[in-house]
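K.L.:
Dumping the structure here so I can ask a few things about it.
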Amino acid sequence: TKARIGVAGLAVMGRNLARNLARHGHTVALYNRTPTRTRALVEEYGHEGAFVPADDPAAFVASLERPRRVVIMVKAGQSTDAVIEEFAALLDQGDMIVDGGNAHFEDTRRREAALRERGIHFVGAGISGGEEGALNGPSIMPGGSAESYVFLGPLLEDIAAKAADGSPCCAHIGPDGAGHFVKMVHNGIEYADMQLIAEAYDLLRHVAGYRPDEIAGIFRTWNTGRLDSYLIEITAEVLAHTDAATGQPFVDVVADRAEQKGTGRWTVQTALDLGVPVSGIAEAVFARSLSGHAGLRQAARSLPGPSGGALPPESGGFAAQVEQALYASKVVSYAQGWNMIDAAAVEYGWDIDPGAVAAIWRGGCIIRAAFLDRIRAAFAADPALPTLLADKEFAAEVGGAQEDWRAVVGTAVARGVPAPGFSAALAYYDALRAERLPAALTQGQRDYFGAHTYRRTDREGSFHTLWGGGREERPTG
Ligand code: 6PG
């Protein structure tokens with residue numbers, strides 16, 4: 001019998017995805033450059049389902065039913081093109097190659113266009129949820145042609161996580177790079193969520209004086225409310241963990257330099273190109289970057305800060321305020337992420353359903369949370385919602401949080417605890433609701449030094465003031 005689908009690249013993500021497919025009753029062809037990995041998979045997990053191992057790409061492709069479905073699970077990077085070409089050369093018109101790695105969406109666009117010329121469907125699919133998700137149900141964000149989804153959708157939906165209402169956390173996102181784009185934004189939001197949670201911890205620790213295990217308890221409580229999410233849950237686990245070697249809280253023995261593989265940085269780079277302010281994600285990327293600049297930090301180590309140490313733990317009042325600040329800031333960074341998806345849909349001609357994106361992030365992925373169902377509902381109520389902050393329910397919640405949010409940001413500033421995520425989110429909120437922004441002054445400055453012209457509030461057209469002369473105003477167009 002032929003295999004329904006093949007997985008090439010059997011490092012942990014590929015292996016787990018192949019096992020997930022087999023466990024769901026699909027015969028899976030296997031290929032890995034080093035055949036020992038293929039054999040190890042069959043030996044260890046062969047009892048889980050039907051596998052067809054192959055030692056070379058040609059045998060692998062020959063074992064697949066038509067149209068062929070080839071899932072490539074290699075580390076995103078330069079070798080991806082070579083691997084894709086290796087398989088493309090063996091495929092026929094109508095066959096499909098799925099790239100399940102974290103490829104940059106521009107690469108996916110390029111690859112899709114090139115393979116389309118040859119009649120091969122190229123599907124850039126974002127897959128979130130790490131190793132565990134790949135095995136037990138990830139969130140899957142496939143791009144590519146609608147036709148390819150007819151053949152791939154049923155299998156992918158089968159192995160995807162299921163939301164609380166039973167629906168699969170997988171949907172066709174849009175053409176060419178749309179799937180990888182949406183996965184990139186997911187990762188940007190993941191960075192923002194993690195940074196905001198880290199700030200909440202830092203404030204609870206260094207303003208309120210709670211111990212890590214106490215903060216774990218606070219997070220567990222939050223996890224029963226509107227912040228209920230995978231990231232809050234695992235944060236509590238990490239904070240409650242004690243280092244075996246030293247008996248110290250684990251969080252105190254880990255070097256405080258955050259690393260990144262780059263998807264958050266891509267999100268911000270792309271947002272800059274699209275002209276979408278994603279300050280929450282940007283601050284998260286910068287915070288990771290700053291933490292790694294050991295020399296800078298050492299050089300600034302003795303700069304003065306506010307006097308006074310940690311305050312004694314308060315009776316829950318401060319923690320409740322931090323919860324409000326965290327929640328409101330989270331709404332802002334998600335709002336910014338969706339604005340980015342919106343802008344890309346216009347720029348690249350993708351027709352992305354914003355509610356569907358929220359729906360498939362409800363389970364399986366790193367940012368999975370009860371919250372995502374609220375976002376789904378907001379877009380269901382108004383698919384053209386210009387910002388999540390304009391949704392009636394979110395507006396009411398953020399409005400209700402804003403006094404505490406301000407208090408927390410004010411306290412962070414007064415106590416010298418950096419809270420770039422909380423404060424940037426608040427500044428964004430205040431900028432959006434401002435009746436007048438100082439951008440008018442910026443325009444005046446630009447006109448002064450570079451005759452860049454400005455528009456007026458009371459008349460159509462653009463104008464320049466003769467700043468060096470008599471300061472008369474001239475219409476310029
Ligand atoms: C996921 C994750 C994953 C990502 C890691 C690490 O959705 O499963 O987003 O794709 O690679 O979270 O990312 P950083 O190394 O950049 O923190």
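K.L.:
Can you give me the distance in nm between label points at A114 and L290, each placed 7 Å from the Cα along the Cα-to-Cβ direction?
P.N.:
4.0 nm
K.L.:
Moving on. Using a/c under 1.5 as the rounded threshold, could you call the range 350-448 rounded, prolate or oblate? The axes a ≥ b ≥ c are square roots of the C-alpha gyration tensor eigenvalues, and prolate needs a/b larger than b/c, oblate otherwise.
P.N.:
Cα axes put the range 350-448 in the oblate bin.
K.L.:
Here's something else I'd like to know. Against the empirical 2.2 N^0.38 Å scaling, what ratio does the C-alpha Rg of the range 19-104 come to?
P.N.:
1.08
K.L.:
May I pose another question? By the gyration tensor of its Cα atoms, with a ≥ b ≥ c the square roots of the eigenvalues, what is the shape of the range 225-305: rounded for a/c under 1.5, prolate for a/b over b/c, or oblate?
P.N.:
Verdict is oblate for the range 225-305.
K.L.:
Once label points are set 7 Å from the Cα along Cα→Cβ at both R436 and E65, what is their separation, rounded to one decimal in nm?
P.N.:
Output for this residue pair reads 6.9 nm.
K.L.:
Treat the range 85-243 as a sphere of radius equal to its Kirkwood radius over Cα pairs and apply Stokes-Einstein at 20 °C in a medium of 1.002 mPa s; give the translational diffusion coefficient in µm²/s, rounded to a whole number.
P.N.:
The diffusion coefficient I find is 121 µm²/s.
K.L.:
Using the Kyte-Doolittle scale, which helices in the chain average at least 1.6 and also have C-alpha atoms spread 30 Å or more along the helix axis, with helices defined as whole DSSP H runs?
P.N.:
The answer is none, since no helix passes both cut-offs.
K.L.:
May I pose another question? How high is the relative contact order of the chain? Use alpha-carbon pairs under 8 Å, at least six apart in sequence, and give a whole percent.
P.N.:
Details: 857 pairs, mean separation 59.3, N = 477.
Normalised by residue count, the contact order of the chain is 12 percent.
K.L.:
Can you work out the Karplus-derived ³J(HN,Hα) for every residue in the range 59-69? Use 6.51 cos²θ - 1.76 cosθ + 1.60 with θ = phi - 60°, whole Hz, and x for glycine or proline.
P.N.:
5, 4, 5, 5, 7, 8, 6, 9, x, 6, 10
K.L.:
Sticking with this structure for a sec: Counting other Cβ atoms within 10 Å, keep those with at most 12, restrict to DSSP loop, and tell me which GluC sites (Glu not before Pro) in the range 434-474 are left.
P.N.:
Here the sparse-neighbourhood loop sites are E435, E460, E472.
K.L.:
Grab the chain and count how many Lys pairs have their alpha-carbon atoms under 29 Å apart, sequence gap of 8 or more, or different chains.
P.N.:
Pairs that pass both the separation and distance tests number 14.
K.L.:
Then there's this: Could you check the simple spin-label distance between Q260 and E237, using points 7 Å along Cα→Cβ, in nm with one decimal?
P.N.:
About 2.4 nm, to one decimal.
K.L.:
Run lengths n ≥ 4 of DSSP H only: what is the helix-derived mean residue ellipticity at 222 nm for the chain, with -39500 (n - 2.57) per run over all residues, to the nearest 500?
P.N.:
-17500 deg cm²/dmol
K.L.:
List the residues, sorted by chain then number, that are 5 or more residues from S462 or on another chain and whose placed amide H is less than 5 Å from its amide H.
P.N.:
The answer is T476, G477.
K.L.:
Sum up the charges of everything whose Cβ sits under 14 Å from the Cβ of D353, counting Lys and Arg as +1 and Asp and Glu as -1, but leave D353 out.
P.N.:
-2
K.L.:
How would the chain be classified by its alpha-carbon gyration tensor: rounded, prolate or oblate, with rounded meaning a/c under 1.5 and the a/b versus b/c comparison settling the rest? If you can, show how the numbers build up before the last one.
P.N.:
Values: a/c = 2.09, a/b = 1.36, b/c = 1.54.
Here the chain falls in the oblate category.
K.L.:
On full extension of the chain, what length is gained from W467 through A58, given 0.36 nm per residue of separation minus the C-alpha to C-alpha distance?
P.N.:
Numbers: separation 409, 0.36 × 409 = 147.24 nm, distance 7.26 nm.
Extra length available between W467 and A58 comes to 140.0 nm.
K.L.:
How large is the convex hull of the C-alpha atoms of the range 419-477 per residue, in Å³?
P.N.:
Hull volume over Cα atoms, normalised by residue count, gives 108 Å³.
Just so you know, all these numbers are worked out from the coordinates, no wet-lab data involved. Everything numeric in this text was worked out from a predicted model, so none of it was measured. Glycine gets a Cβ as well: all are built from the backbone with ideal geometry, and neighbour counts include every protein chain shown.
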